[in-house]
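In what follows, a single structure is set out as C-alpha cells and then discussed.
The values are calculated or read from the model by the stated rules, or taken from the named source; none is laboratory data. Keep in mind it's a predicted model, so treat the numbers as computed, not measured. Cβ sites come from the backbone with ideal geometry, for glycine too, and all protein chains shown count toward neighbours. These accessible areas exclude ligands, DNA and RNA; they are computed on the full protein's heavy atoms, side chains included. Shrake-Rupley method; radii C 1.70, N 1.55, O 1.52, S 1.80 Å.
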Amino acid sequence: MGKLFVIDGTDGSGKQTQFKKLQQRFNEENIKYRVVSFPNYDSPSASLVKMYLSGEFGEHAKDVSPYIASTFYAADRYATYKKYFEDYYNEGGIILADRYTTANMVHQAGKITDSLEREKFLDWLWDFEFNLYGLPVPTKTFFLNMPPDYAMHLMENRENKFTHDAKKDIHERDKSHIVDSYNAACSVVDKYDWCEVNCIKDGNIRTIEEIHEEIFDEIKKYI
C-alpha cells in the first residue's frame, strides 16, 4: 500500500497555498508522488457537488442534509480513486490530496449541533467511504487551524476567481457555516489523530514557510 497525505481545513485556511508548497518541496527533494484535489471539478463525477455548492438544492449549506451532501462528495472520490490513482496507490505510491473525506468531517459535520448526532454521522461517514466504498484511509491528515475571524479576513482580501459574494459557493458565503465547520474540525482532530497545524502564533498569522516546514517535517516520518 502507498501513502496518502491530506491537507485540509476550513475555507480561507490556506489549504491550496500549502498544497502547492508541498508539491514544490517534493519536486526539490526528488520524491515521486501524484496529486489529487477534491472536489474533482475536471470529472463528471463532481456534477452533483457543483450543483450543491452553486445552491441548486438550497441557498444555504444547512438546506441540504449532511448525509445527502456527503454522498455527492463520496461518489466523486470513488470515481477519482478508481480511475486515476488506485493502481498507483496500491503499488506503494505517494498521494498528496487537497481535501478528502476529512472535508466532509469538517463541513458536513458542522451542520450538526447535537454532539451525539454528530458522532453518529461521523461513524456513518467513516463506514460509508472507507468500508463500503473501500477508499484508502489517510496516512496522515494535516488540519490547518485558522480561526474563523482570521480566515474570513483572508477570504475578503485574497485574489481569486470570486469578485462578488454572489459568485462564492454556499459554504464560502455563509459565515455561520465557516464557524460551525471550524468548531466541528476542532472536535475531531484528536478523534482521528489528525496533525493539527496552528496557523496563528501570538495573535499573528504564521508565515507560509513556517507552516510548510512543520507539515513536511511530519511527513518525513512516514516516507
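Of all residues in segment 30-42, those satisfying the criterion of being hydroxyl-bearing (S, T, Y) and under 14 Å from F85 (Cα atoms) are Y33, S37. Going through (1) without any contact (Cβ under 8 Å) to a residue 60 or more places away in the chain; (2) open to solvent by less than 10 Å² (accessible area, probe 1.4 Å); (3) within 30 Å of N27 (Cβ to Cβ) one by one, S70 falls short only on (3).
The residue pairs whose first member lies in segment 170-181 and is over 12 Å from G12 (Cα atoms), whose second member is open to solvent by 50 Å² or more (accessible area, probe 1.4 Å), and whose beta carbons are closer than 7 Å, counting only pairs six or more residues apart or on different chains, are I170/E59; I170/H60; D174/H60. If the condition is being within 18 Å of C186 (Cα to Cα), more than 10 Å from the chain's Cα centre (by Cα) and among the hydroxyl-bearing types (S, T, Y), then segment 95-147 contributes T113, S115. One residue stands out among those in segment 50-91 that are closer than 19 Å to D11 by Cα and of a type in the set (S, T, N, Q): the one that is modelled with the highest pLDDT, which is S70. Could we say that S47 is polar (S, T, N, Q), surrounded by fewer than 16 Cβ atoms within 10 Å (Cβ to Cβ) and out of contact with any Asp or Glu (no Cβ under 9 Å at 6 or more places or on another chain) here? No: the conditions fail for S47.
To keep it simple, each residue is scored yes or no on (1) closer than 13 Å to D11 by Cα; (2) touching a Phe, Trp or Tyr at 6+ places or on another chain (Cβ under 8 Å); (3) open to solvent by 70 Å² or more (accessible area, probe 1.4 Å).
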{"residue": "A103", "(1), (2), (3)": "yes, yes, no"}
{"residue": "S115", "(1), (2), (3)": "no, no, yes"}
{"residue": "A151", "(1), (2), (3)": "yes, yes, no"}
{"residue": "M155", "(1), (2), (3)": "yes, no, no"}
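Cβ-Cβ contacts under 8 Å between residues 6 or more apart (or on different chains), taken from a first residue in segment 192-206 that is without any contact (Cβ under 8 Å) to a residue 60 or more places away in the chain to a second residue that is among the hydrophobic types (A, V, I, L, M, F, W, C) and assigned to a loop (DSSP other than H, G, I, E, B), are listed as E196/V189; I200/M146; I205/M146; I205/C199; R206/C199. Given (1) more than 13 Å from the chain's Cα centre (by Cα); (2) outside any helix (DSSP H, G or I), where does F72 come up short, assuming only one miss? (2) is the only condition that F72 fails. Could you count how many residues in segment 95-138 are on the phi > 0 side of the Ramachandran plot and of a type in the set (D, E, K, R)? The number of residues fulfilling the criteria is 1.
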